[in-house]
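Below is one structure; the comments refer to it alone.
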2 protein chains.
Amino acid sequence: MPDKILKAFKTAETEKISHLDYFNIAVSVDCVILGYENKQLKVLLIKSDLEEFSGLNSLLGDLVRPDEDLDEASYRILRERTGLNDVYLEQVQTFGRIGRHPSGRVVTTAYFSLLDLHHHQLRLNHNDLHWHPISKIGKLAFDHKDILDSCLLRLRQQVLERPLIFSLLPEKFSLRQLQEVYEAILGTDLDRRNFRKKVSLKDWLVDLNEMESDVPHRPGKLYKLNPALKKRLRGRLKVI
Amino acid sequence: MPDKILKAFKTAETEKISHLDYFNIAVSVDCVILGYENKQLKVLLIKSDLEEFSGLNSLLGDLVRPDEDLDEASYRILRERTGLNDVYLEQVQTFGRIGRHPSGRVVTTAYFSLLDLHHHQLRLNHNDLHWHPISKIGKLAFDHKDILDSCLLRLRQQVLERPLIFSLLPEKFSLRQLQEVYEAILGTDLDRRNFRKKVSLKDWLVDLNEMESDVPHRPGKLYKLNPALKKRLRGRLKVI
DNA sequence: TACAAATATGTACTAAAAACACATTAAACC
DNA sequence: GGTTTAATGTGTTTTTAGTACATATTTGTA
């Protein structure tokens, strides 16, 4: 098998190097799992259990298993950590600096996901897991701050074009709630009238003909995501 | 070291599995190197030397070395294959299906690059390397057709927003040449007057006050890329 | 010198985005 | 129960960007 592999990658430089020099990297997946609460965007972090990063938080990640697709690993991590199966995950970028992991050569692929922090199925499986406001993130373990930033950048670039945001919200929501989520993600104030016009021009929402309740002011109409779009946001993993 | 590594990735599932099960993946880089000639976008391909893919072409790729950053590997491949050092490369996506490489578990990260196919430094280092019009690409080895398509999609999405395209052209070019490149990439015809207006509103071009020569019609003005933008397009690799 | 084939430069029209205003509703308070 | 408060809901106007389209100009060539 080494011969076969070398043949597949034969270049002037690699020919003399043995197969063992190459098949010794670990690949991991790190998930930027975002939620929304109290008008803040939050990310799910875990206390690092590596000495090198004691006291620091890290993203949720794990090594990719030998018999596991890269994308599948991201769904597994999300499921293991949150209990959620049915959530959209998107690959963003791969980080492969030599020294990025203190224990060995680990190349990691970053995914982001948005979910409703109050989802009834959400079960954080570990005491050290916690939601952290992204506006108050300091140092993170590994290169996880870079990973977080790249995912946030991607999210901000795409959030107005694609119906990504709705999995952050409960099934039924008002336009005000929706606007507040956008404002939290983009970090800007939006004009309410222009925002409503923009949203209504897309086919994203369905009017439920219901009203908010328990709000200390005039209640607004409730909407849900157009079911036709929901499929696109669903996880693509075959549920085990 | 195995203990240390396992600690870093401890989850319910991984605890019982040994370090050797994980640090045995190879990571490769595949480069979608695009050039432009005869009003066509072309990609640099090489004949696959794997039996499984005999007769098929593949992208230019290589395994990432143990002591090499992921990004650096992409610049090395470009340099080894084309002789060019000073070229922009951008990471696009990582492909990690289990069975994607017949010889073992290889996760690959795709990069794309645009370069002037008639650049004086360009020296293709192998007889089997050739430029292939993207409009006539059939089957490719591995999952390289998917990789090519994802890079082309990214390119088309970004080419109007960012000054990526200029490395496809010689130093001096006319607006007609520039427009033809855009048309080749986007696969559409553009209105000449609107195109010129759009370009002139950006700060991308510098008028050289020179004219085309050797054209069988009225010569056009020559432009070059605004030098202030050139840095952003340069390769980020420390030249060895 | 007339013609062919480009360049160069608009202008009018249309659609999208941003700025801005007012009437309406329901809860909370006196 | 009337008044206040704080939202919702629905515009209009203005500005900007995008699209469609026309004419004069320059050079090489027959």
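Here are some notes:
- Flag for B:Phe112 being open to solvent by less than 50 Å² (accessible area, probe 1.4 Å), in the same structural domain as B:Gln40 (by TED's automatic domain parsing), in a loop (DSSP other than H, G, I, E, B) and in contact with a helix residue (DSSP H, G or I) (Cβ under 7 Å, 6 or more places away or on another chain): no
- Filtered residues of the stretch A:106-120 (kept if more than 7 Å from chain B (Cβ to nearest Cβ) and over 27 Å from A:Leu178 (Cβ atoms)): A:Val106, A:Thr108
- Strands (runs of 3 or more DSSP E) lying entirely in the stretch A:16-88 (those with 3 or more residues that are more than 10 Å from chain B (Cβ to nearest Cβ)): A:26-37, A:40-47
- Here the condition is being over 26 Å from A:Ile25 (Cα atoms) and assigned by TED's automatic domain parsing to the domain that holds B:Leu152; of B:Tyr75, B:Tyr36, it holds for B:Tyr36 alone.
- Tally of residues being modelled with pLDDT of 95 or more, more than 12 Å from DNA strand D (Cβ to nearest atom) and either part of a loop (DSSP other than H, G, I, E, B) or out of contact with any helix residue (DSSP H, G or I) (no Cβ under 7 Å at 6 or more places or on another chain) (or both) across the stretch A:206-225: 2
- Search result, residues across the stretch B:200-209 that are within 11 Å of B:Tyr223 (Cβ to Cβ) and open to solvent by 50 Å² or more (accessible area, probe 1.4 Å): B:Ser200, B:Asp207, B:Asn209
- Residue count for the stretch B:144-181, restricted to those that are within 27 Å of B:Val29 (Cα to Cα), within 16 Å of DNA strand C (Cβ to nearest atom) and open to solvent by less than 50 Å² (accessible area, probe 1.4 Å): 2.
- Selection of the stretch A:103-157 for residues being at positive phi and touching a Leu at 6+ places or on another chain (Cβ under 9 Å) yields only A:Phe142.
- Candidate set: the stretch B:89-105, residues that are facing chain A (nearest Cβ under 7 Å) and modelled with pLDDT under 95; chosen: the one surrounded by the fewest Cβ atoms within 10 Å (Cβ to Cβ): B:Gly104
- In the stretch B:182-199, the residue that is farthest from the chain's Cα centre (by Cα) out of those that are within 16 Å of DNA strand C (Cβ to nearest atom) and exposed (fewer than 15 other Cβ atoms within 10 Å of the Cβ) is B:Arg193.
- Every condition in (1) assigned to a helix (DSSP H, G or I); (2) at pLDDT below 95 is met by A:Asp203 except one, and the failing one is (1).
- Some residue of the stretch A:126-135 being away from DNA strand D (no atom under 12 Å from the Cβ), over 21 Å from the mean Cα position of the chain (by Cα) and either over 30 Å from B:Gln158 (Cα atoms) or surrounded by fewer than 17 Cβ atoms within 10 Å (Cβ to Cβ) (or both): no
- A:Leu178 vs. criteria assigned to a helix (DSSP H, G or I), closer than 15 Å to A:Lys39 by Cβ, out of contact with any Lys or Arg (no Cβ under 6 Å at 6 or more places or on another chain) and assigned by TED's automatic domain parsing to the domain that holds A:Lys221: yes
- When the stretch B:145-180 is filtered for residues that are in contact (Cβ under 8 Å) with a residue 60 or more places away in the chain and in contact with a helix residue (DSSP H, G or I) (Cβ under 9 Å, 6 or more places away or on another chain), the ones remaining, listed by number, are B:Leu148, B:Leu152, B:Leu155, B:Pro163, B:Leu164, B:Phe166, B:Ser167, B:Leu168, B:Leu169.
- Members of the stretch A:207-228 found to be of a type in the set (A, V, I, L, M), away from DNA strand C (no atom under 14 Å from the Cβ), closer than 11 Å to A:Glu171 by Cβ and free of Cβ contacts under 8 Å to residues at least 60 places away in the same chain, listed by number: A:Leu208
- Evaluation of B:Gln177 against the conditions (1) modelled with pLDDT of 95 or more; (2) on the phi > 0 side of the Ramachandran plot shows that the sole unmet condition is (2).
- Filter result for B:Asp189 (away from chain A (no Cβ under 14 Å) and within 30 Å of A:Val29 (Cβ to Cβ)): no
- Which numbered condition A:Lys145 misses (of (1) assigned to a loop (DSSP other than H, G, I, E, B); (2) closer than 30 Å to A:Pro102 by Cα): (1)
The values are calculated or read from the model by the stated rules, or taken from the named source; none is laboratory data. Please read all numbers here as calculations on a predicted model, not as lab measurements. Note: ideal-geometry Cβ built from the backbone for every residue, glycine included; neighbour counts use all protein chains shown. The accessibility values were calculated without ligands, DNA or RNA, using every heavy atom of the protein model including side chains. Shrake-Rupley method; radii C 1.70, N 1.55, O 1.52, S 1.80 Å.
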